[in-house]
Each structure stands twice: as C-alpha cells, then as structure tokens.
Amino acid sequence: MACHRQDGEDWTFFELDPQVARIARDRTLFHFLSECAPDIRIVLGDARLTLTASPERYDLIVLDAFSSDAIPVHLLTREAFAGYLAHLTAHGVIVLHISNRHMALRGPAAAVGLTEGLVAFGKLQIPPVTAQEDARAASEVVVFARDVKDLGELPMQGWTPLEPGSRVAWTDDYANILGAVLDAKLGR
C-alpha cells in the first residue's frame with residue numbers, strides 16, 4: 001500500500017457515522033489508516049456543524065457526501081459555503097465529489113460557488129466499459145478557489161470552467177431538489 005502523506009501534513013476527517021470511523025480504524029478490515037495515518041484525527045458528527053465549531057483553518061476541504069440516494073443538501077448551500085470559507089486558508093481549495101445516480105449536482109454546486117465569489121471547475125470521468133462489467137459509475141468532481149491561480153495547473157488538465165446558467169444558489173431555506181433530479185434524468 002502506498003502512503004502519500006507528506007511530512008508536515010495534518011489531516012482531519014469529519015465523519016457523521018461512528019461506525020464508519022470504527023470500521024476504518026479496524027485493521028482486520030482496512031489497512032490504510034493503521035499503515036498510513038494511525039494518528040489521524042476523526043471528528044464525529046455532522047461535518048458542517050463540527051467544522052464550524054473548529055478553530056482550525058485548512059488548505060484543502062474535501063466533501064465526499066453526495067453519492068448516496070439521500071444527499072445532505074445542507075452541505076451544498078450558501079450558508080454551508082460561508083462556513084467552509086471561514087475555515088479555508090487564503091489560498092485554499094474546496095473539492096466536492098458530486099457523483100450521484102439520481103441528481104445532477106454540477107449546476108447547484110456551480111451556482112453556490114460562484115455566488116460566494118469563487119472560481120469553479122468541474123471534471124466528469126467516465127471509465128471505459130470492459131467485457132466483464134456492464135457499466136461503471138461515472139465520477140464527477142468540482143473544485144473551488146478564491147482565485148484561479150490557487151488551482152495551479154489543474155484547469156489546464158481537462159477541467160471545465162463552470163457557469164451556473166440560470167441556476168439559483170441553494171440556501172438553508174431553498175433547494176431545488178426536483179430540478180436536480182430532472183436534470184439527471186435529462187442528462188444535463
């Protein structure tokens with residue numbers, strides 16, 4: 001197993017489900033944490049709330065919570081992004097893994113990021129279908145930064161600048177879930 005943690009890196013995982021943390025630390029089930037990051041800090045609870053309560057600032061915030069059938073809409077709102085930005089360093093980057101079989105989240109993600117004054121780039125990767133597999137799920141990621149320079153060479157590596165179009169940014173009081181479902185059904 002290759003460990004890619006650099007000296008001086010300090011990672012914190014925010015995890016809602018205590019069972020996920022327990023399983024991740026169980027060496028009989030998984031080896032990554034025990035071999036690569038045995039001292040890693042896992043903060044249990046709703047990531048939006050626990051991050052808001054945290055005094056730390058981060059160079060990178062990665063959200064990987066949108067692939068289930070029931071997405072946590074409250075993590076993709078203007079208020080949530082305001083909280084992320086409050087804990088992001090001046091040149092930090094936010095990464096969202098927005099792959100979802102039932103909802104198209106690129107438009108809502110672009111709208112909230114751009115409403116908050118961020119540049120946004122997206123990448124959709126569709127793995128090739130092999131003879132042994134019927135199909136594999138596509139993977140979609142969106143990155144945000146305050147300035148395009150903070151993304152380094154990333155925009156030149158097949159990433160597309162995102163525009164929200166007519167999308168309205170989701171808030172804690174408004175989220176167009178039906179629109180995201182319809183966009184997925186229509187392939188938008």
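Suppose every K and R has +1 on its Cβ and every D and E has -1 on its Cβ; what is the size of the dipole of the chain about the Cα centre, in Debye to the nearest 20? Numbers along the way, then the final one.
Details: 17 positive and 25 negative charges, 76 e Å.
In total the dipole reaches around 360 debye.
Using a 1.4 angstrom probe on the protein heavy atoms only, line up 142, 62, 73 by accessible area, largest first.
Details: 142 0, 62 85, 73 35 Å².
Of 142, 62, 73, the descending order of accessible area is 62, 73, 142.
Take the Cα pairs of the chain, get the Kirkwood Rh, then feed it into Stokes-Einstein at 4 °C and 1.567 mPa s and tell me D in µm²/s. Please report the intermediate quantities before stating the final value.
Working: Rh = 17.9 Å.
So the translational diffusion coefficient is about 72 µm²/s.
How would the range 36-82 be classified by its alpha-carbon gyration tensor: rounded, prolate or oblate, with rounded meaning a/c under 1.5 and the a/b versus b/c comparison settling the rest? Don't jump to the answer; show the numbers that get you there.
Working: a/c = 1.99, a/b = 1.32, b/c = 1.50.
Oblate is the answer for the range 36-82, as a/c is 1.5 or above yet b/c matches or exceeds a/b.
Using Cα-Cα distances under 8 Å and only pairs 6 or more residues apart, what relative contact order does the range 1-151 have, in percent? If you can, show how the numbers build up before the last one.
On the way: 221 pairs, mean separation 28.9, N = 151.
Relative contact order, the range 1-151: 19 percent.
If you count only protein heavy atoms and use a 1.4 Å probe, how large is the accessible surface of residue 102, to the nearest 10 Å²?
About 70 Å², rounded to the nearest 10.
Compute the relative contact order of the range 35-102 as a whole-number percentage, counting only Cα pairs closer than 8 Å that sit 6 or more residues apart in sequence. Mind showing how you got there, number by number?
On the way: 68 pairs, mean separation 29.3, N = 68.
Here the relative contact order equals 43 percent.
Can you pull the one-decimal nm distance between simple spin-label points at residue 139 and residue 124, each 7 Å off the Cα toward Cβ?
1.7
Counting other Cβ atoms within 10 Å, which trypsin sites (Lys or Arg not before Pro) in the range 48-124 have at most 12 and lie in a DSSP loop?
Values: sites: 48, 57, 78, 101, 106, 123; in loops: 57, 101.
Those that pass, being in a loop and sparsely packed, are 57, 101.
Under 14 Å from a point 7 Å along the Cα-to-Cβ line of residue 184: which residues of the range 97-130 have their amide N that close?
Answer for the range 97-130: 98-109.
Using the Cα atoms of the range 1-111, I'd like the radius of gyration and the largest Cα-Cα distance, Dmax, both in angstrom.
In Å, with Rg to one decimal and Dmax whole: 15.0, 43.
Ignoring everything but the protein chains, give the 1.4 Å probe accessible area of residue 126 in square angstrom, nearest 10.
The accessible area of residue 126 comes to roughly 120 Å².
Return the calculated 222 nm mean residue ellipticity for the chain, to the nearest 500 deg cm²/dmol, obtained by summing -39500 (n - 2.57) across DSSP H runs with n ≥ 4 and dividing by the residue count. Provide the component values of the computation, followed by the final result.
Values: 6 runs with 49 residues, N = 188.
Calculated at 222 nm, the ellipticity per residue is -7000 deg cm²/dmol.
The values are calculated or read from the model by the stated rules, or taken from the named source; none is laboratory data. Only a predicted model underlies this, so the values are computations on that prediction, with no experimental measurement involved. Reconstructed Cβ throughout: ideal geometry from the backbone, glycine too, with neighbour counts over all protein chains shown. Side chains are part of the model used for accessible areas, which takes the heavy atoms of the whole protein and leaves out ligands, DNA and RNA. Shrake-Rupley method; radii C 1.70, N 1.55, O 1.52, S 1.80 Å.
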